[in-house]
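Participant: This structure is in structure tokens; I'll ask about it shortly.
The values are calculated or read from the model by the stated rules, or taken from the named source; none is laboratory data. Remember, it's a predicted structure, so these values are computed and weren't measured experimentally. Here the Cβ positions follow ideal geometry from the backbone for every residue, glycine too, while neighbour counts run over all protein chains shown. Quick note on the areas: whole protein, heavy atoms, side chains included, nothing else; ligands and nucleic acids left out. Shrake-Rupley method; radii C 1.70, N 1.55, O 1.52, S 1.80 Å.
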Amino acid sequence: QVQLVESGGGLVQAGGSLRLSCAASGLTFSTYGVGWFRQAPGKEREFVAGISRNGIVKYYADSVKGRFTISRDNAKATVSLQMNSLKPEDTAVYYCAARLNPIATMVGEYDYWGQGTQVTVSS
């Protein structure tokens, strides 16, 4: 079955960096667009970044543009999210998701989800 497993979360001070990874299995990874989403306590899950099947097209939420970078390695079936200049408002559970189509920004458009990894940014 399809599995997406996130890793790399943790506690970091404001201004610091973290690199999240998402490892996929059970699917032909190169045919799936991948997105990163996050959900803070009491808030809806929101789009953070997305990357196309071939890694050429990338989308970012305005709130993370210039600070976060998404990348993928189809040979290893992994997607990474490099997060720099972290802010307390970036604190959330981060999820990766995959869809058998070009990338999208809406939660309901994704077919598979990971369990999430907690990112906490202290001020």
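Participant: Test each condition in (1) within 14 Å of the chain's Cα centre (by Cα); (2) farther than 20 Å from Val107 by Cα; (3) among the small types (Gly, Ala, Ser) for Gly10 and report the one that comes out false.
Facilitator: Result: Gly10 fails condition (1) only.
Participant: Scan segment 103-123 and report the pairs whose first residue is more than 22 Å from Ile56 (Cα to Cα) and at pLDDT 95 or above and whose second residue is part of a loop (DSSP other than H, G, I, E, B) and among the basic types (Lys, Arg), with Cβ atoms within less than 8 Å and a gap of 6+ or a chain change.
Facilitator: Pairs found: Val121/Lys87.
Participant: Next question. Within the bounds of segment 11-34, is there any residue that is buried (at least 16 other Cβ atoms within 10 Å of the Cβ), over 17 Å from Thr117 (Cβ atoms) and among the small types (Gly, Ala, Ser)?
Facilitator: For segment 11-34, residues buried (at least 16 other Cβ atoms within 10 Å of the Cβ), over 17 Å from Thr117 (Cβ atoms) and among the small types (Gly, Ala, Ser): present.
Participant: Can you tell me which residue is most open to solvent (accessible area, probe 1.4 Å) among those in segment 102-123 that are under 21 Å from Ser7 (Cβ atoms) and of a type in the set (Gly, Ala, Ser)?
Facilitator: My answer is Ser122.
Participant: Could you tell me which numbered condition Gln3 fails, if it satisfies all but one of (1) loosely packed, with under 14 Cβ neighbours inside 10 Å; (2) out of contact with any strand residue (DSSP E or B) (no Cβ under 6 Å at 6 or more places or on another chain); (3) farther than 13 Å from Asp90 by Cβ?
Facilitator: The failed condition is (2).
Participant: Follow-up. For residues that are over 17 Å from Ala61 (Cβ atoms), outside any strand (DSSP E or B) and not aromatic (Phe, Trp, Tyr), tally how many sit in segment 1-40.
Facilitator: Summing the residues that are over 17 Å from Ala61 (Cβ atoms), outside any strand (DSSP E or B) and not aromatic (Phe, Trp, Tyr) in segment 1-40 gives 13.
Participant: Considering segment 18-54 alone, what residues qualify as being over 16 Å from Ala104 (Cβ atoms) and among the small types (Gly, Ala, Ser)?
Facilitator: Correct list: Ser21, Ala23, Ala24, Ser25, Gly26, Ser30, Ala40, Gly42.
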